[in-house]
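S.K.: Please find one structure pasted underneath; my questions will follow.
The values are calculated or read from the model by the stated rules, or taken from the named source; none is laboratory data. As the structure is a prediction and not an experimental result, all values here were calculated from the model. Cβ coordinates were reconstructed from backbone atoms using ideal geometry, including for glycine residues, and neighbour counts include every protein chain displayed.
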Protein chains: 2
Amino acid sequence: MMNKVHARGRRGRRPGRPETRAQVLDVARRRFLAEGYQVVTMRSIAAEAGVDAALVSYFFGSKRGLFGAVLALTANPPELLRAALPGDPASLPERVLGALLGAWDDPRQSGPLRVLVTAAVQDPELARLLTDAFEHEMVDRVADHIGGPHARYRAGAFVAQLAGLVFTRYVLRLEPLASMTADEITRHLAPGLRAALHGPRPVPQLVRA
Amino acid sequence: MMNKVHARGRRGRRPGRPETRAQVLDVARRRFLAEGYQVVTMRSIAAEAGVDAALVSYFFGSKRGLFGAVLALTANPPELLRAALPGDPASLPERVLGALLGAWDDPRQSGPLRVLVTAAVQDPELARLLTDAFEHEMVDRVADHIGGPHARYRAGAFVAQLAGLVFTRYVLRLEPLASMTADEITRHLAPGLRAALHGPRPVPQLVRA
């Protein structure tokens, strides 16, 4: 996508080289984290990076595209999930929780995650894009991985629980979730995730006590 | 809180009667739902309700207070949870899911719920108030209800799963969660909630396949 030729050899505000792209991303990342998705403008990022606003558009297409590029630099949910899928099915919940907690308990990662969720809640179009990505890269991927009857519903229940963890521990910072250690979270949340993957048992009517 | 006396008998823009309060709430509800928490001002609500802005402040204290009063009219999470707690412990997950789905699958209720979550994500101070309320009225209440070892962690895991359901089904509208029937949701999510309430079993090391 990057055309390095047209800008080569120029000096000043419009170099268009990979370093410029990285520099814009760096500024964008800092600004999105500090001010949130809605407030920041492409123009102000360009100004702070010392490049033309048109160059930022040329690199990233839109603010949404720039935001996506910033997020791609951070530990993002589908990426972490994909890496945790292979292995013993019996310990899949522990692996996924380990990967997510390992990444997001680091404040450098939980910051972007919070910004992502906030932006998605504020901007319906961005929410739609993210939801599409989560459906295909999380729910469908888990469903393919586990297979069996109602795989997509079981995967959906699994992903909903992960979303609940993200929302309570990192976004709302709801106690006790926010302060539990990674081990405590894993011990208390893995059983629910395992139950979701297993799916409903054909239980006889619940016996009343 | 309402002083009906001082406004009695007056005509025009400052009646200060219960009907006025209800009318302000009605306007506020419609405006918050249509435009979200951040955009709407007390002044514009007062103007549309045909009352003085000072009267709105007098009734509700602040925009946050007005928003709280609007939400109190709708099916709110702690209320629903409280009503679902009593009964057979074995079917508690089904009861809670039944209550939440019964309320929020109605679009008149899921609208306010979405506005609530959006507002909480946008306004850190509101988020703190809501998080406090959820801790005391949901996590602590479930913990008291179930008792036993690590009751607060088990209650936290339970509430995190409910938050995940709300966030995926009603806010993000993530599939398949968004389109599953209430029965399908209950069948696939109750086992995870039950596992959370039960808490971690003292499992021997997982046997590798």
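S.K.: Sort out which residues of segment B:18-66 are in contact (Cβ under 8 Å) with a residue 40 or more places away in the chain and touching a Pro at 6+ places or on another chain (Cβ under 9 Å), and write them in order of number.
M.R.: Of everything in segment B:18-66, those that are in contact (Cβ under 8 Å) with a residue 40 or more places away in the chain and touching a Pro at 6+ places or on another chain (Cβ under 9 Å) turn out to be B:29, B:32, B:33, B:55.
S.K.: Another question, then. So, residue B:135, is that one free of Cβ contacts under 8 Å to residues at least 60 places away in the same chain, touching an Asp or Glu at 6+ places or on another chain (Cβ under 6 Å) and either within 11 Å of chain A (Cβ to nearest Cβ) or closer than 29 Å to residue A:125 by Cβ (or both) or not?
M.R.: yes
S.K.: For a quick check of your reading of the model, give me the residue pairs whose first member lies in segment A:160-187 and is under 22 Å from residue B:166 (Cα atoms), whose second is modelled with pLDDT under 95 and acidic (Asp, Glu), with beta-carbon atoms closer than 8 Å and at least 6 apart or on different chains.
M.R.: Matching pairs, first to second residue: A:174/B:135; A:175/B:135.
S.K.: Also, I was wondering about something else. For the list (1) closer than 21 Å to residue A:127 by Cβ; (2) at pLDDT 85 or above, I need the number of the one condition that residue A:96 fails.
M.R.: It fails just one condition, (1).
S.K.: Any residue that is in contact with a helix residue (DSSP H, G or I) (Cβ under 8 Å, 6 or more places away or on another chain), modelled with pLDDT of 85 or more and of a type in the set (Gly, Ala, Ser) - is there at least one of those in segment A:125-144?
M.R.: The answer is yes, given that some residue of segment A:125-144 is in contact with a helix residue (DSSP H, G or I) (Cβ under 8 Å, 6 or more places away or on another chain), modelled with pLDDT of 85 or more and of a type in the set (Gly, Ala, Ser).
S.K.: Which residue out of B:149, B:204, B:112 is at pLDDT below 85, out of contact with any Ser or Thr (no Cβ under 8 Å at 6 or more places or on another chain) and more than 10 Å from chain A (Cβ to nearest Cβ)?
M.R.: Criteria check complete, one pass: B:204.
S.K.: Here's something else I'd like to know. If you check residue A:101 against the conditions, is it more than 11 Å from chain B (Cβ to nearest Cβ) and under 30 Å from residue A:34 (Cβ atoms)?
M.R.: Criteria met by residue A:101.
S.K.: On to the next question. Looking only at segment A:163-192, which residues are closer than 16 Å to residue B:177 by Cβ, within 20 Å of the chain's Cα centre (by Cα) and at the interface with another protein chain (Cβ under 7 Å from one of its Cβ atoms)?
M.R.: A:163, A:164, A:165, A:167
S.K.: Can you tell me how many residues in segment B:38-78 are closer than 25 Å to residue B:101 by Cβ and assigned to a loop (DSSP other than H, G, I, E, B)?
M.R.: The qualifying residues number 4.
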